[in-house]
Each structure stands twice: as structure tokens, then as C-alpha cells.
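Worksheet: one structure, shown below.
The values are calculated or read from the model by the stated rules, or taken from the named source; none is laboratory data. Keep in mind that what you see is a predicted model, and the values were worked out from it rather than measured. Glycine gets a Cβ as well: all are built from the backbone with ideal geometry, and neighbour counts include every protein chain shown. Only protein heavy atoms, including side chains, enter the accessible area calculation; ligands, DNA and RNA are left aside. Shrake-Rupley method; radii C 1.70, N 1.55, O 1.52, S 1.80 Å.
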Amino acid sequence: MDKVKTAISRLKLYWLAVLFLTIKSYILYKVGFNISSDNMLQEFILIINPLSSAVLFFAIALLFKNRLRNVMIVAFSFLATLVLYFNLLYYRFFTDFLTFPVLFQTSNLNDIGSSIVELTHFADLFLFVDIALLTFLIVAKKIPAVPRLKREPIILVSLAVVLFLANLSIAQAERPQLLSRSFDRELLVKNIGILNYHVYDGYIQSQSRAQRVFADSSDIVEVKNYSQAGHKDPDPELFGIAEDKNVVMISLESLQSFVINNTVNGEEVTPFLNELIEDSYYFENFYHQTAQGKTSDSEFIVDNSMFGRASGSVFFTHGGNDYNALPEILSNEGMHTSVMHANNKSFWNRDIMYQSLGYDQFFDVDSYEVTEENSVGWGLKDVDFFEQSIELLQSQPEPYLTKFITLTNHFPFELDEEDRMVDEFDSNSGTLNRYFPTVRYMDHAVERFFDEMKEAGMYEDTVFILYGDHYGISENHNRAMSMYLDKEEITPFDTVQLQRVPMIVHIPGHDKSETISTVGGQIDVKPTLMHLLGYSTRNDIQFGTDLFAPENESMAVLRNGSVITDDIVYTNNTCYDKEGEEIEMETCEPFVEKGMNDLEHSDRIIYGDLLRFFDSQEEMNLNPEDEDTE
Ligand code: GP9
Ligand code: MN
């Protein structure tokens, strides 16, 4: 016992650092990340989970020589705090934890300057108090410096391993298959601690790279069979209705369905879209399926009918893969395919990825005249963006498929006074309050665009597809959201339902319109559009279904494994009926299984770069003679 005592007092500085980091992590879990526990055991895991990494991490500092050792303990403490702090900032924006791929998306970080100010709080300084204290203790010689060491580092490393294994086994008992099937980063952080989570994430990332090396052409066969088994024939009435027409897709920044046909302070939030819906096919149960890659994920899902990655953005991590994307297929069929988006071309690695997706042209910020007056928040205002785009549209050979990506309705939802058409909401969340005026502005910008298309005589020959790219209001604003929606609280069921984004198919001259309640998601856009254009997708590799297909399964799988059908919502290990009442898990199980399978097969294609083994032009058979009238 005495030996242990001396060992501890010899390493006072070390143990203090371990203790501070552990306490700090726990406070951050509770205050910063709002991690809650269902029982005492979970809370216990939360308290002890930073320990093993702290013991190991500071043991490395002990390997340095003499006085450097003390400095290193403080330096390591600072480093660990930075990791925590960056996670906190990221969490405030995305309600999620950092991953390695996200860190390498540095080109994006330059652009989020305006958001960073919103994200830092004065109280954040408290995170660094212990570092100041440790420094003071050393400088004022209030604490013995760590002396020459003997076996301590080895003992401490072993202790860290033992602590980690103990932590892991308690966590595994609480949450079986924690490491093998986890799509949920919060669960990982909750169970093994934030630093261990980063190590695990690094391991997963390097493993996914190895998968490409070991994949070969036989791997594509199974995913092909899997995907094609889910094929559904199109609606014969709509098949080919857009043949030879131009296609305009509009990715509506951060637009969620809850504002559609809704009001703020008694005024309609999206008067134009509400009107457009009356004259269009509108999918009211359409979900975004994005994760950390946000807009880029939505683009990837829409263009490929495959899922983005569980972490990071596939635009960054697998920009060099072979794909069989919508723009490439249509370009091969003689359509001109392009994107218009007034941001730096390298944001989300778009310049590289768009080549892999087969876009013929990318009109980035350099194609637009951007001035102080016509900019707000992230850049060119939507009205000016659309206005300047008309000429660019006209410069293209027809028929074309052009995707517009709007920008003004982006966090932190800034707007010039002159562009404000409705007042802010009044709640404790400035973010939600500001959201309504910027959504209203975007709605106005789209209306102007439609008018301009009509004036230029380009409207009649065009089919329009409008969709929301991802949520704009994260779970951090649940309290304000419950106020707006007049609900007592936002349950996990509500959170899933809030992931609905509008999806509108507008065909000028077509005399039918309908609000369709089929459950679907962004992954369904590619087959839907291919069929409207008159191309068969029977032999494609895809994970979505034509939303108009009479036998559509009516189901959406979210990237975190949540599943929605006509009758159930599964999320967070809980099964709900459509009223939001908890029901027995059995009802959800087959859908959960199907969802997992979809995600896993899609991931295999990306990690293995399997589409390099798929000769689309030879295999797709887009216009099979016997299927002309499918
Ligand atoms: C940036 C724009 C916004 O070019 O697409 O990206 P987001 O932050 O929404 O992913
Ligand atoms: Mn976006």
C-alpha cells in the first residue's frame, strides 16, 4: 500500500492532469453534448470512460526527459482539451462528433468563418482553467516535478489497457455489438469515451481504405443481384413523360418540410412553394438521408442512388472512385449536364467529385458577379444567383440537366433587412427564429426564378425537380422547435419525422397534380427521374425506387439506421407506430434488417470502389426494345 502511495505522490502532476481531464470530459458530456443516461450503469460508464485514454495519453508525456516531462504533461493536457473543444464547436453546428475525414475537409473550414463566431461562447474559456492551474503549480513550484522514472510508464500503459478492457466489457454488456455495427457516434462516445472514439474512428477509416485493395470483380456480382432484386417497374403513364425535355433540379438549402403550408406570425413561410405544390407532384413523406457530408451527401445520394458515408463526406474520401451517376449516364445519352452553385469550386471537393460523377460543366463562383451588395452570409444571394444563372442556362446545348444549389438559407441564417419578408419567430433559439425569414426569402428567390424562366420562354420545355438538401434546425433547438410546433416535447419519433424535406416534381403542361404520401428519400430521385426521361433502370445498381412506381415499397432508410415505412418509425433502438406510440420491436425488425442490408451493400460499393468493375454502357441496357412501354 505504501508503495502505491509513494508511486502516486511521485507522479502528483500526472495524476492531477488525468483527474482534470476526466472531470472535464464528464462535464462536457453533460453540458456540451447533452448526453443522457437511461440507468446508473450508463452514467457510471460515462464517468469512467475518459480514464483509460487519459492514463495512456499522459503516460506518453512521461517518456520525455527531465524538465520537459512537466511541460509535456501540460502540453498534452492542452492538446486533449483542444480535441474536446473542436468537438464541442462541431457539435454545436452539427449535433455530431468530429471524424477524421471531416478534419481533412479543411478547405471547407475557411468558408465557415461567419458561423464560427456564432459557435464560440465566452464560457468556453472554462475548459482551459485546469491548464492554467497546472502551469501555475509548476511555475510556482507548488507541486513536485515528476522525477526520474523507472518502471512507471510500463505500469501505467498496462493500467490503461486494463481500464480500457474493463470499460469496454461493461459497455458491451450494456450495448451488444457496440463496435461491430455502430452507425451512431454518440453511442460510441457515450460508451468508450471521446478520445478512444477518435482512435477507433482512425482505425475504421484506415480499414476502409484497405478494402479497396482487396476487392475484385466478383464482389460486384452480389451487390448487383441484391440491388436488382429490388427493382420496381415504372408507372406506364409517367414513363418517358420528360423525354427530350430539359431538366432543372433545385437543391433547396436546409429546407425542411415542417415549414411547408405553415405560418410564422400568421404569415405563410413558403407561399410560392405552397402554390407550386398545388400544380405538381409533391411527396410529403420524403426524407433527407444525409450525414456529416450535408449538401455533398445529398448530391451524392441523389446522383447515385447510393448512401453517403456514415462519417465524413464521400465527396472527400472517395472522390476518385468510379461511379455510374445520373449526370454521366445522361451525358452519354446526349444530354448536357451541369451544376450551378456560387461557391468556391473546391468546397466539398466538388471540382474533383463532379468529374467522377460525369458532369460536363460546373458554373462555380467564378461564373457569377459577386459583390458586397449582392452577398449575405455564405455568399451570393439566391435572387441574384438565379437571375445571373438564366444567361448561363441559355449558353448550354439542349437538352440539358442542370442542378442549382441555393445558399442563402444556410446556418446561421443571415439576411439583409431589405430582404426580410416575414418577422423572426420568437423563442430561445436565435437560429430557429432567423430560419423563417431566410426560408421565406429562398421561396421568393425560387418564385422569381420561375418567372424569369417563363419570361425567357424556357419554362415550357423544362421539367423541375425541387428538394430540400438536409435539415436546417438541429436537435439542439428542440425546445424552441416544440414551441413552434406546439408540442410538449420533441421525442426521438418527432426527430425522425422532422427529417422530412420537400420533394416536388413539376411538369409544365401536365394536367395532373397530387400530394403523394409514399414514403421515400433522396436515394429514390435517380430512378424516378430516369424513368420520367424514359430510361430503364432494371439493370442499374441502385438502392432507391422510382417514387411513382405502383409497387413502390414506401420505405426510407436514414444513414443512422433509422427506418420509416407507412406503418412504423424505427429509431434509437425503439419501434414506434405512426402516431408515435412505442410498439413491440418485432414489428420493426424486418425493416430494420432490410435497412441495415441496404446500408451495408451500398458501403461495400464505395469502400471497394466496386463500380470500376461495372461497365455501365454495356450492362445497363437503357432502352431495351421489349420494354419500351414498361
Ligand atoms: C456550400 C453549400 C453549403 O457550397 O453547399 O454546404 P453545407 O454546409 O450545407 O453542406
Ligand atoms: Mn446544405
Point to revise | Near pairs, Cβ below 7 angstrom, 6+ apart or cross-chain, from region 310-332 (more than 16 Å from residue 523 (Cβ to Cβ)) to any residue that is open to solvent by 20 Å² or more (accessible area, probe 1.4 Å) and of a type in the set (Val, Ile, Thr) | key: 319/352
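Can we say residue 435 is of a type outside the set (Val, Ile, Thr), part of a loop (DSSP other than H, G, I, E, B) and surrounded by 18 or more Cβ atoms within 10 Å (Cβ to Cβ)? Reasoning before the result, please.
On the way: of a type outside the set (Val, Ile, Thr): yes; part of a loop (DSSP other than H, G, I, E, B): no; surrounded by 18 or more Cβ atoms within 10 Å (Cβ to Cβ): yes.
It is false that residue 435 is of a type outside the set (Val, Ile, Thr), part of a loop (DSSP other than H, G, I, E, B) and surrounded by 18 or more Cβ atoms within 10 Å (Cβ to Cβ).
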Review point. Quick one: residue 115 ticks every box in (1) within 23 Å of residue 167 (Cβ to Cβ); (2) modelled with pLDDT under 90; (3) part of a helix (DSSP H, G or I) bar one, so which box is it?
Key: (1)
Revision key, fill the gap. When restricted to 243, 222, the only residue more than 16 Å from ligand 1 (Cβ to nearest atom), among the acidic types (Asp, Glu), open to solvent by 10 Å² or more (accessible area, probe 1.4 Å) and within 22 Å of residue 453 (Cβ to Cβ) is 243
Practice item. Working carefully through the options 156, 134, 165, find the one that is open to solvent by 70 Å² or more (accessible area, probe 1.4 Å) and either among the β-branched types (Val, Ile, Thr) or over 23 Å from the mean Cα position of the chain (by Cα) (or both). Key: 165
Exercise for review: Would you mention how many residues in region 296-336 are within 16 Å of ligand 1 (Cβ to nearest atom), in a helix (DSSP H, G or I) and open to solvent by less than 10 Å² (accessible area, probe 1.4 Å)?
Suggested key: 10
Study note, to complete from the structure: Okay, helices (runs of 4 or more DSSP H) sitting entirely in region 23-110 with 1 or more residues that are touching a Gly at 6+ places or on another chain (Cβ under 8 Å) and either open to solvent by 40 Å² or more (accessible area, probe 1.4 Å) or more than 16 Å from ligand 1 (Cβ to nearest atom) (or both), I get 40-61, 66-94, 100-103
Point to revise | Criterion violated by residue 409 - all others in (1) touching a Ser or Thr at 6+ places or on another chain (Cβ under 9 Å); (2) open to solvent by 20 Å² or more (accessible area, probe 1.4 Å) satisfied | key: (2)
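Is it true that residue 244 is at positive phi and either at pLDDT 95 or above or in the same structural domain as residue 611 (by TED's automatic domain parsing) (or both)? Full working, then the answer.
Details: at positive phi: yes; either at pLDDT 95 or above or in the same structural domain as residue 611 (by TED's automatic domain parsing) (or both): yes.
Yes; evaluated as a whole, the condition is true for this residue.
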Exercise for review: Go through region 564-587 and give me each residue that's within 24 Å of the chain's Cα centre (by Cα) and without any contact (Cβ under 8 Å) to a residue 40 or more places away in the chain.
Suggested key: 568, 570, 573, 575
**Study point:** Selected residue [more than 16 Å from ligand 2 (Cβ to nearest atom), in contact with a Lys or Arg (Cβ under 6 Å, 6 or more places away or on another chain) and of a type outside the set (Asp, Glu)] from 357, 330, 326
**Key:** 326
Exercise for review: Test each condition in (1) of a type in the set (S, T, N, Q); (2) more than 30 Å from residue 215 (Cα to Cα); (3) away from ligand 1 (no atom under 16 Å from the Cβ) for residue 355 and report the one that comes out false.
Suggested key: (2)
Exercise for review: Residue by residue through region 233-256, note down the ones that are touching a Leu at 6+ places or on another chain (Cβ under 8 Å) and within 16 Å of ligand 2 (Cβ to nearest atom).
Suggested key: 249, 250, 252, 253, 256
**Study point:** Cβ pairs under 6 Å, 6+ apart, first in region 243-256 and of a type in the set (Lys, Arg), second more than 12 Å from ligand 2 (Cβ to nearest atom)
**Key:** 245/461; 245/463
Exercise for review: Return yes when residue 420 is away from ligand 2 (no atom under 16 Å from the Cβ), in the same structural domain as residue 326 (by TED's automatic domain parsing), within 29 Å of residue 117 (Cβ to Cβ) and basic (Lys, Arg) and no when it is not.
Suggested key: yes
Check your understanding: Right, residue 284: open to solvent by 10 Å² or more (accessible area, probe 1.4 Å), in contact with a Ser or Thr (Cβ under 7 Å, 6 or more places away or on another chain) and charged (D, E, K, R) or not?
Key -> yes
